[in-house]
Amino acid sequence: MSSYQTIGSPVLYGGLKLKNRIIFAPTSMGVAPDEMIERMRQIAAGGCAMIVIGDVSVLPHGFGPSLYSKKGMDFYKRLAQAVHSENCLLCAQLHQSDSNLRAMFKYVPGVLTKKISKAELRPLLNKEVGPYITGMSTAQITKIIRAFGRAAVLAKQAGFDMIQVHGDRMCGSFSSSIYNHRTDMYGQSAENRARFACEAVRSVREQLPDIPIDYKLAVRRENPHYGNAGVLESELPVFIPLLEQAGVTSFHVTLANHGELEDTIPSAKHPYFGQEGCFLPFCDQVRALTTLPVCGVGGLTDPDFVEQQIKVGRMDCAAMSRALIADPQWPNKAMSGKVNEIRRCVRCNRACLGGMMAHKGVHCIYEKEIEQ
């Protein structure tokens, strides 16, 4: 008998019954559509309860497959079919990019001539977020908010079982006093800065009254400073009740983005987030403010650690990306007592984050075809 009874136990996660406590966290895989579907099928076959698909744009234009095009809808339907065939559920992470495309164009010549490196481009684009969010018209805001509802309907038609509203990206930038300098009803106070995210959630809820809505709650911390978008720890007591009232049924808690990628995807050598379960202190704060289910994420690799943290109630579910990329069979091996056979993620970030940064797709050092 497996000693990982809690990991293997079913749970009602925001109204959706999951067969166990392991979720594949949203990941920008950067691979071709057919490879993406097969990779997700393999992860589903490995025993996790649900896969969250990131980068699902709420507007017709955006990066990656579009719910609004026949090609994009066909992709998502094939993806849902593949994942469901392995007795695994599927969640669509709806987001709107906060990148100012017009501002991006002015950096194109520098990138093409290699005067601006890819590493230098990210902070330059982050500096454009504040003016973009602050200067956005209310008509454009209304258009994007309505699109969350429309995209959710399309996602359900494609076969998704749950909607996750991405609390980073545009929702996170509106939430953050670092980027949001508006003086209207969407700015200044924490309540006003929460409005965009709450209206996005409400848009989904109005279109789909019964669908479970997960919210990726991106938390920003100070002393030391990590993350620029998202919700300041001290503002969680304001944001969480408002999000609940808007229709959120569960929280996926993590560190806010718009800083270094090595912070939100920390290696074992990270100066602050090097430990296992590095973002769980944020879960502790959220847990104290809500009775809704909470999903933890961040450097979760060890079955003993994960079992204990769920057992003591720090989180209801554990979301993993790198650990399941290293070994899709992690859940099956843990729950069948074959934990010694798990290919453990060592959080080296060489072929996963490294592959993403090099535009070669997310892989793992365990894959034979990857040069080490």
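Taken together, the values in this text are just the output of simple stated rules run on the coordinates, not laboratory data. All values reported here derive from a predicted model rather than from experimental measurement. Here the Cβ positions follow ideal geometry from the backbone for every residue, glycine too, while neighbour counts run over all protein chains shown.
The value of relative contact order for the chain, using C-alpha pairs under 8 Å at least six residues apart, is 18 percent.
Note on Gln308 and Lys77: the model spin-label points, each 7 Å out from Cα along the C-beta direction, lie 4.8 nm apart. Once the Kirkwood radius over Cα pairs is known for the chain, the Stokes-Einstein relation at 4 °C and 1.567 mPa s delivers a diffusion coefficient of 62 µm²/s. Counting only DSSP H runs of at least 4 residues, each contributing -39500 (n - 2.57), and dividing by the residue count of the chain, the helix-based mean residue ellipticity at 222 nm comes to -11500 deg cm²/dmol. The GluC sites (Glu not before Pro) of the stretch 283-368 that meet both conditions, a loop assignment by DSSP and at most 16 other Cβ atoms within 10 Å of the site Cβ, are Glu367. Neighbour counts of C-beta atoms inside 10 Å place Asp316, Asp168, Asp214, Asp74 in the sequence Asp74, Asp316, Asp168, Asp214, starting with the fewest. Under the combined filter of DSSP loop state and at most 13 neighbouring Cβ atoms within 10 Å, the stretch 183-265 retains these GluC sites (Glu not before Pro): Glu222. A straight line joining the Cα centroids of the stretch 149-208 and the stretch 233-249 runs 12 Å.
Sorting Arg322, Arg150 by the number of Cβ atoms found within 10 Å of their own Cβ, with the fewest placed first, yields Arg150, Arg322. Taking the DSSP bridge list for the chain and keeping only pairs wholly inside it, about 10 percent are antiparallel. Gain on full extension, evaluated as 0.36 nm per residue between Ser137 and Ser3 minus their Cα-Cα distance, stands at 42.7 nm. Listed values for the stretch 360-366 are Karplus-derived 3J(HN,Hα) couplings in whole Hz (6.51 cos²θ - 1.76 cosθ + 1.60, θ = phi - 60°), namely 10, x, 7, 9, 9, 4, 6, and x replaces Gly and Pro. A straight line joining the Cα centroids of the stretch 21-69 and the stretch 303-372 runs 16 Å.
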